[in-house]
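Colleague: There's a structure below that I have some questions on.
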Amino acid sequence: MNKQLSVKTYAKINLTLDVTEKRYDGYHNIDSIFEEISLFDTVTVSITDRGKTNVSCSEKDIPINENNIAFKAAEAFFEKTKIHNPGVDIFIEKKIPSQAGMGGGSTNAAGVIRILNNIFETGLSDEKLMKIALPVGADTPFFIKGGIAHITGIGEIISPLEPLSEHFIVVAKGDQGVSTPDAYRQIDSLKNVPHQNTEKILNAVANDDITTLMENSLNTFELTKLPDDIQKIKEIMKKHNAIKTMMTGSGAAVFGIFKERKTADAVCDELKKAFSFSGVYTNICGDRNTFR
């Protein structure tokens, strides 16, 4: 049995995000396209003999107690598999910004579950791992498989899609964050909320047409009260003729889609002068199943 393994855990953007309704149980149904991008954290899990789960992180503002979603993922794995927890140390090297709507916590949690499945040689299928992941966090099941997918329900209905041709994604975020619960409460108070044409969007994905996809995309959370930085970032991206610029998730990160790397680099250089986080990424990620 391997005593320690690490894996890259990739971020996601929402190419579209339609909050369709509030459910009877208080959760919200969504209709979204999730796409993994090449920005990643690195999660390392080490087996100890201390009989408990410990979490540490390179980013001091991330909680490392039982409220950490990676901690919850480890506990869920041992509970569902009935494997005795001999003790695990989880270290998260963060590159994905927090409170960004990029799934940073959820992808870390999925990484923990995938690593433990490997270390303990349980041989569980992706589908079974996704069932373990769902109670941990609504976005976590997606990151078991990753790639690009049509996401519905509260995030648990995942329909994999064929990857799009390479495009470049500029992501930027200011210092302000967005509270997801507050954002959902604001959506619940809105009237006459517009919804997307999902058929057009899925046809665009099938035709490898990122332009048509983004022309028909929306993010319901952009109808809520947002930090000033979001509009400023979008204006810079639009000035450089982004195919589309939009907030991802509930925010507060903004992404712009570009077909040429040179343009994306120029946009990023400008954004770096004004905002705390910016980078250029692609939808082509490395081998997500490489454990080391």
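Colleague: In segment 150-167, which residue that is under 28 Å from Pro227 (Cβ atoms) and open to solvent by less than 30 Å² (accessible area, probe 1.4 Å) is modelled with the lowest pLDDT?
Modeller: Gly155
Colleague: Just give me the residues in segment 118-141 being in contact with a Lys or Arg (Cβ under 7 Å, 6 or more places away or on another chain), in contact (Cβ under 8 Å) with a residue 40 or more places away in the chain and either open to solvent by 30 Å² or more (accessible area, probe 1.4 Å) or part of a helix (DSSP H, G or I) (or both), in sequence order.
Modeller: Residue satisfying the conditions is Ile132 alone.
Colleague: Scan segment 1-50 for residues that are without any contact (Cβ under 8 Å) to a residue 12 or more places away in the chain and outside any strand (DSSP E or B) and report the count.
Modeller: Final tally of qualifying residues: 3.
Colleague: Of all residues being in contact with a His (Cβ under 8 Å, 6 or more places away or on another chain) and in a loop (DSSP other than H, G, I, E, B) in segment 257-292, which is modelled with the highest pLDDT? Just the residue, please.
Modeller: Per the criteria, the residue is Asn283.
Colleague: Of everything in segment 87-113 that's of a type outside the set (A, V, I, L, M, F, W, C) and more than 18 Å from Ser56 (Cα to Cα), which residue is most open to solvent (accessible area, probe 1.4 Å)? Even if it seems obvious, please write down each step before you answer.
Modeller: Looking only at segment 87-113, we keep the residues that are of a type outside the set (A, V, I, L, M, F, W, C), and these are 87, 89, 93-95, 97-99, 101, 103-108, 111.
Now narrow it down to the ones that are more than 18 Å from Ser56 (Cα to Cα): 99, 101, 103.
Working: Gln99: 113, Gly101: 18, Gly103: 13 Å².
My answer is Gln99.
Colleague: Among the residues that make up segment 57-64, is at least one of them of a type in the set (Ser, Thr, Tyr), buried (at least 18 other Cβ atoms within 10 Å of the Cβ) and in contact with an Asp or Glu (Cβ under 9 Å, 6 or more places away or on another chain)?
Modeller: no
Colleague: Test Ala70 against the stated conditions and say whether it is within 29 Å of Gln186 (Cβ to Cβ), buried (at least 17 other Cβ atoms within 10 Å of the Cβ) and aliphatic (A, V, I, L, M). Give the derivation first.
Modeller: On the way: within 29 Å of Gln186 (Cβ to Cβ): yes; buried (at least 17 other Cβ atoms within 10 Å of the Cβ): yes; aliphatic (A, V, I, L, M): yes.
The answer is yes for Ala70.
Colleague: Hey, another quick one. Since Val205 meets every condition but one in (1) among the aliphatic types (A, V, I, L, M); (2) open to solvent by less than 30 Å² (accessible area, probe 1.4 Å); (3) in a loop (DSSP other than H, G, I, E, B); (4) under 18 Å from Asp31 (Cα atoms), which condition does it not meet?
Modeller: (3) is the only condition that Val205 fails.
Colleague: A further question on this structure: State whether one or more residues within segment 118-136 are at pLDDT below 95 and either in contact with a Cys (Cβ under 7 Å, 6 or more places away or on another chain) or under 20 Å from Asp41 (Cβ atoms) (or both).
Modeller: So far as segment 118-136 goes, no, none of its residues is at pLDDT below 95 and either in contact with a Cys (Cβ under 7 Å, 6 or more places away or on another chain) or under 20 Å from Asp41 (Cβ atoms) (or both).
Colleague: While we're here: Test each condition in (1) under 30 Å from Lys200 (Cα atoms); (2) surrounded by 13 or more Cβ atoms within 10 Å (Cβ to Cβ) for Tyr24 and report the one that comes out false.
Modeller: (2)
The values are calculated or read from the model by the stated rules, or taken from the named source; none is laboratory data. The model shown is predicted, which means the values in this text are computed figures rather than measured ones. Heads up, the Cβs are rebuilt from the backbone with ideal geometry, glycines too, and the neighbour counts pull from every protein chain shown. Just the protein is used for accessible areas: all its heavy atoms, side chains included, with ligands, DNA and RNA removed. Shrake-Rupley method; radii C 1.70, N 1.55, O 1.52, S 1.80 Å.
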